[in-house]
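**Student:** Below: one structure in structure tokens.
Nothing in this text is a laboratory measurement; each read-out follows from the coordinates by a stated rule. Bear in mind the structure is a predicted one, so any value in this text is a computation, not a measurement. Reconstructed Cβ throughout: ideal geometry from the backbone, glycine too, with neighbour counts over all protein chains shown.
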Amino acid sequence: MGSGNRVPLFINRFCLSPRTAIGVQTVRLLGPHQDWLHFHWWSNSFKQMDARSVLFENTVLSRYSFLHDSKLLRLCERVGISSWVGSDLRPALAKRLTEQYHERVSSTYVAPLSESDATRCLELTNLVGAPFVLHLWDVLQGDVASGALRELIDRAERVFCVSEPLLHDVSLIRGDAELLTFSRDASEETALPPGQGPLRVVMHGNISSYAEGLDDLDQAISLLEPKGFKVEISFLGSPKILRQSQTTLKRRVTARGFFPTQKDLDRELGHAHVAFLPGPKLDPRFDLRSRYSIPSRVLDYMALGLPVVGTVHKASATGGFVRKLGLENAATCVGPEEIANWLMRLAHPDKWAEQSARSRDAFAYLERQEAPAQKLKRTMEKIG
């Protein structure tokens, strides 16, 4: 825990809300610590999730995602609405942060998702002054070889990466970088095979970033309709997310709302027969999300033994992940015809059972690895 009553500090853009994958995983990572602090600048609610989670931004700016547009943010900074001026906290706020937290923090965990995140993480770590661990979940904008991301990599006591391709690129700079992936608890629910009715397909999490894969699923269902093969699609999330998604599929999808607890989510997932993973689909040579990202929701599907059908690019980070776990064939469909074929095959109990077992085995394999939260805790205590 560090000397005296110092506590570890966790820094990323998101609040500790279950509405984001990073929020969920941050709660898991700080869980083993007796006490902690958390700094962030985006929120999903006007309510503070925990008294130890401190917002460093104007409340309204943090709450509404349409205000996160870079031009709007610059305007808010110029007129004094934002807590930030570029990558710097406003002087009065920076002074207050140093006074309140400089002697309280034993070690820091920073998890930027982009170059702009990295500049704020640098500012906050500099003001706090404690040694830090860097955890790269993704690089949605920027380059690990330059800028604030590079400075964080160079200065961190330890560097962790979520995916193998990200680890490969970071290892060219820091040869001691390691993998530290996501996790979840085992599920009390188990997926059941399809019966006589429609094949029920489910999705949850971020779907709006993967419109190409959603469109492929829409076309696959169009191919199946003349055969009399019925498919029902559910999205476990806000209807607003579905409405704003740029995809032809949304006319077919039932949005069942957001499920705030893992237990509630698992119960709803258990009503489905197949999970659909719409990406990352784009060529990782040109798309950063495809190059480095692994959607953590795949763990939810595997935990219940749901067969996973998807349009994941085979050369993407997620493609490598599902290949390692034996899920590649159904998860890396290259177009509507292949999706349609897999959906038809999974309507047969024997093929469904085979793919369900693959998902369960994949989750069991990940469960046998060292818990990420414990590995991180040990590292933070060592450097603090």
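**Student:** Quick one: dipole size for region 199-367, taken about the Cα centre, charges +1 on Lys/Arg Cβ and -1 on Asp/Glu Cβ, in debye to the nearest 20.
**Tutor:** Working: 23 positive and 19 negative charges, 56 e Å.
Its charge dipole is roughly 280 debye.
**Student:** To continue, here is another question. In region 36-68, which chymotrypsin sites (Phe, Trp or Tyr not before Pro) fall in coil by DSSP and have 14 or fewer other Cβ atoms within 10 Å?
**Tutor:** Details: sites: Trp36, Phe39, Trp41, Trp42, Phe46, Phe56, Tyr64, Phe66; in loops: Trp36, Trp41, Trp42, Phe46, Phe56, Tyr64.
For chymotrypsin sites (Phe, Trp or Tyr not before Pro) across region 36-68 that sit outside H, G, I, E and B with at most 14 neighbouring Cβ atoms in 10 Å, the list reads Phe46, Tyr64.
**Student:** So, one more: What does DSSP give for the chain in terms of the percent of beta bridges that are antiparallel, rounded to the nearest 5?
**Tutor:** On the way: 3 of 36 bridges.
Counting only bridges with both partners in the chain, antiparallel ones make up about 10 percent.
**Student:** Treating the angle as unsigned and between 0 and 90°, give the value, to the nearest 10°, between the Cα long axis of helix 372-383 and the longest Cα principal axis of the chain.
**Tutor:** 20 degrees
**Student:** Under the rule that an exposed site lies in a DSSP loop and has at most 11 other Cβ atoms within 10 Å, name the longest stretch of the chain with no trypsin sites (Lys or Arg not before Pro) of that kind, not counting the sites themselves. Numbers along the way, then the final one.
**Tutor:** On the way: sites that count: Lys47, Arg285, Arg368.
Longest run free of exposed loop sites: 48-284.
**Student:** Radius of gyration and Dmax for the chain's Cα atoms, expressed in Å?
**Tutor:** Cα radius of gyration and Dmax of the chain are 21.5, 70 Å respectively.
**Student:** If you keep only loop residues by DSSP, which chymotrypsin sites (Phe, Trp or Tyr not before Pro) in region 248-313 have at most 14 other Cβ atoms within 10 Å of their Cβ?
**Tutor:** Details: sites: Phe258, Phe276, Phe286, Tyr292, Tyr301; in loops: Phe258, Phe286.
Qualifying residues, ordered by number: Phe286.
**Student:** Picking from Leu172, Ala364, Asn44, whose Cα lies most toward the positive end of the charge dipole for the chain (charges on Cβ: Lys, Arg +1; Asp, Glu -1)?
**Tutor:** Going by the Cα projections, it comes out as Asn44.
**Student:** Taking the Cα centre of the chain as origin, work out the dipole magnitude from +1 charges on Lys and Arg Cβ and -1 charges on Asp and Glu Cβ, in debye rounded to 20. Let's see the in-between values first.
**Tutor:** On the way: 48 positive and 44 negative charges, 139 e Å.
Here the chain has a charge dipole of around 660 debye.
**Student:** Taking the Cα atoms of region 22-180 alone, what are Rg (to one decimal) and Dmax (as a whole number) in Å?
**Tutor:** According to the Cα coordinates of region 22-180, Rg and Dmax are 15.7, 44 Å.
**Student:** Moving to a separate point now. Based only on Cα atoms, what mean projected area does the convex hull of region 30-124 have, in nm²?
**Tutor:** Details: hull surface 26.2 nm².
For region 30-124, averaging the hull's shadow over all directions gives 6.6 nm².
**Student:** List the GluC sites (Glu not before Pro) within region 339-384 that fall in a DSSP loop (any state other than H, G, I, E or B) and whose Cβ has at most 14 other Cβ atoms within 10 Å. Please report the intermediate quantities before stating the final value.
**Tutor:** Working: sites: Glu354, Glu367, Glu370, Glu381; in loops: Glu370.
Those that pass, being in a loop and sparsely packed, are Glu370.
**Student:** Hey, what angle do you get for helix 115-128 against the long axis of the chain, alpha-carbon based, 0 to 90 degrees rounded to 10?
**Tutor:** That helix lies at roughly 40 degrees to the long axis.
**Student:** Highest GNM mean-square fluctuation, the chain, Cα pairs closer than 10 Å: which of Pro32, Pro336, Pro284?
**Tutor:** Checking each option, the largest mean-square fluctuation is seen for Pro32.
**Student:** Hey, another quick one. What do you get for the angle between helix 91-101 and the principal long axis of the chain? Use alpha-carbon atoms, 0 to 90 degrees, nearest ten.
**Tutor:** Approximately 90 degrees, to the nearest ten.
**Student:** Under the rule of -39500 (n - 2.57) per DSSP H run of 4 or more residues, summed and divided by the residues of the chain, what mean residue ellipticity at 222 nm is obtained, to the nearest 500 deg cm²/dmol? Working shown, then result.
**Tutor:** On the way: 17 runs with 160 residues, N = 384.
That calculation yields -12000 deg cm²/dmol at 222 nm.
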